[in-house]
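One structure is given below, encoded as structure tokens.
Laboratory data are not the source of any read-out in this text; all were calculated from the coordinates shown. Note that this is a predicted model, so its numbers are computed, not measured. Note: ideal-geometry Cβ built from the backbone for every residue, glycine included; neighbour counts use all protein chains shown.
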Amino acid sequence: MKHSKLTALIFIALILGIIVGQFAPNFAVKMHPFAAIFLRMVKMIIAPLLFSTLVVGIAGHGDAKSLGKIGLKTLVYFEIVTTIALIIGLGMANIFKPGVGFVAGTSEHALQMQTAGLMAATHAHTSVGEMITNIFPTSIVDAMAQGNLLQIVVFSIFFSIAICACKDKARPVLDLLNSVSQIMFKFTEYVMYFAPLGIFGAIAATIGANGLGVLKNYCKVIGALYIAFAVFVILVLFIVCKIVKISFRSLIRALQEPALLAFTTASSEAAFPKAMEIMERFGVPKNIVGFVMPTGYTFNLDGSTLYLAMAVIFSSQLVGIQLDLNQQIIIMLALMLTSKGVAGVPRASLIVLAGTLASFNIPVLGVAILLGIDQILDMGRTTVNLIGNCVATVVIARWENVFDYKKMREFVRQDIVESIKDEIGNFPDKDLVTEKIKEG
């Protein structure tokens, strides 16, 4: 109920922003501070949330050696799939160019955007060596103060390794950071209560400054992202299931309830328990589900990773920054790390996007623009995250030769029986029901 109410308020704010922007443009432009305030609130979450969740995610399993073969195979699979997701995201962003010409006209707001882009361009084009050097912090306090996501990630990795080496002596610190991460998730939830106000300000100011024509560009962004999602699901997840000899159709059929829940609430947390239960019934051993699924929501957010790749390029195109191939590769390598830092919390990708843009001296204006339609974008990426992690559990189970095909067939059969139970009375012969089950 809490997520559905927030979703409803966000859509109401979106519609009100469009109306106010169209019919009261001068007043609407003055609503921009609401969006700016919300963005500041999002940015203040970055450092403590990323640091605590990443350390707990890496060091929470104890000695790295205890993860064994399953842990190594899981991380290798996650890295391969998320890298492909990044490549698809960057490729689609370069093909569709959703940020090019997004702000039309010569309004004062548009000119400010273009000026910000020109100023940022003088800083964004740095050498590869300088970019690599800059990911290592001279001070974690300074990195957190600046909101430099990459430097925080590097420090967190070394900190996690040290915790694993200290074992029991570091347990109090790990427990403390686990508590901090839980607090920050709740903190993030509170901040997101202000999302409708921020969205109203962002949309109203954008429409007020540029007119309704800008909505065509929003449609372009949404269309490009959902096409990218479809390409990823077909070219990656479907083929992976074929390789491990699992029916992708049956898996999607099994996941339809949690997938719908993830799509409508835009929250992985809402669908997570149900998805774990289904994967166990589908034939994946409990120990693999219990390890891969939670780890996946830190290290295998396929939909969010793909979105971040497109969003970074969109944000650079928006302000007139042309990133060459080398710079896009560096950004991709950066996102391979930064996208691992935040779990499946609604609007969490905005946090990572804001930090990544800041790390490469690209204005966070793109975050403000995307904020207005983030609910629609989040629905798609959350659903892909869920499906991607469920596929991952099947892959690891097959890799370990412990997947139960008999259990899968029984689950699929039972699912079909349940789906046609209400239709039995319409069949003249119950043998038709048996035939329908076999066809399914």
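Applying the Karplus parametrisation 6.51 cos²θ - 1.76 cosθ + 1.60 with θ = phi - 60° to the phi angles of segment 324-330, what ³J(HN,Hα) value in whole Hz is obtained for each residue in order, glycine and proline being reported as x?
Each residue of segment 324-330 in turn: 7, 4, 4, 5, 5, 5, 4 Hz.
Do any of Lys5/Lys245; Lys274/Lys406; Lys69/Lys245; Lys69/Lys169; Lys43/Lys216 go past 30 Å between their Cα atoms, and which?
Lys5/Lys245
Grab the other residues whose beta carbon is less than 12 angstrom from that of Phe11, score K and R as +1, D and E as -1, and report the net.
0
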